[in-house]
Amino acid sequence: MNFPSGKPSMHWLIKTILLVSVVGLAFIGLVGLVLPIIPGLVFLFLAVLLLTRISTRFDALASGHSGFQQLRRRWRTMNMLHVKDRIKLGFWYCAGALIRGADSGVKTLQQWLHSRTSPQ
């Protein structure tokens with residue numbers, strides 16, 4: 001069998017598990033684009049990253065995109081950090097996302113309350 005990227009093929013069970021993960025991450029990412037509490041782009045990026053591990057065609061397509069190349073470089077740079085530092089970075093990223101989501105929720109609630117109490 002000819003592998004254009006030099007990677008051996010994965011077992012079908014691993015591919016199936018990764019594909020189900022891609023669908024789940026993509027779903028969460030799409031929900032995150034609508035809801036301000038969930039960081040949707042992060043989940044969509046993880047879905048694309050997993051999909052590039054499954055499909056060599058998709059890997060070639062994504063690698064040609066400059067935005068994805070930049071995100072992939074950042075991902076690889078983060079992999080050079082120690083596990084403790086990665087956990088800290090992930091914690092602070094999630095804390096920031098939760099604070100931004102809560103702030104957005106409070107602002108939406110204030111606007112809704114203001115619209116209900118204003119005379120028409």
If I filter segment 67-85 down to residues being in a helix (DSSP H, G or I) and hydrophobic (A, V, I, L, M, F, W, C), which single residue comes out as farthest from Ile38 (Cα to Cα)?
Val83
Out of Lys107, Lys88, I need the residue that is at pLDDT 85 or above, exposed (fewer than 12 other Cβ atoms within 10 Å of the Cβ) and either among the acidic types (Asp, Glu) or in a helix (DSSP H, G or I) (or both). Which one?
Lys107
Residue that is nearest to Ile14 (Cα to Cα) [pool: residues in segment 29-42 that are modelled with pLDDT of 80 or more and surrounded by 19 or more Cβ atoms within 10 Å (Cβ to Cβ)]
Gly29
Is at least one residue of segment 52-66 at pLDDT 85 or above, surrounded by fewer than 14 Cβ atoms within 10 Å (Cβ to Cβ) and either of a type outside the set (Gly, Ala, Ser) or not in a helix (DSSP H, G or I) (or both)?
yes
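Quick grid of which residues meet (1) in contact with a helix residue (DSSP H, G or I) (Cβ under 6 Å, 6 or more places away or on another chain); (2) surrounded by 10 or more Cβ atoms within 10 Å (Cβ to Cβ); (3) touching a residue at least 24 places away in the same chain (Cβ under 8 Å):
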{"site": "Thr16", "(1), (2), (3)": "no, yes, no"}
{"site": "Val22", "(1), (2), (3)": "yes, yes, yes"}
{"site": "Leu44", "(1), (2), (3)": "yes, yes, no"}
{"site": "Leu49", "(1), (2), (3)": "no, yes, yes"}
{"site": "Leu81", "(1), (2), (3)": "no, yes, no"}
{"site": "Ala97", "(1), (2), (3)": "no, yes, yes"}
{"site": "Gln111", "(1), (2), (3)": "no, yes, no"}
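The values are calculated or read from the model by the stated rules, or taken from the named source; none is laboratory data. Because the structure is a prediction, the values reported are computed rather than measured. Cβ: placed from backbone, ideal geometry, glycine included. Neighbour counts: every protein chain shown.
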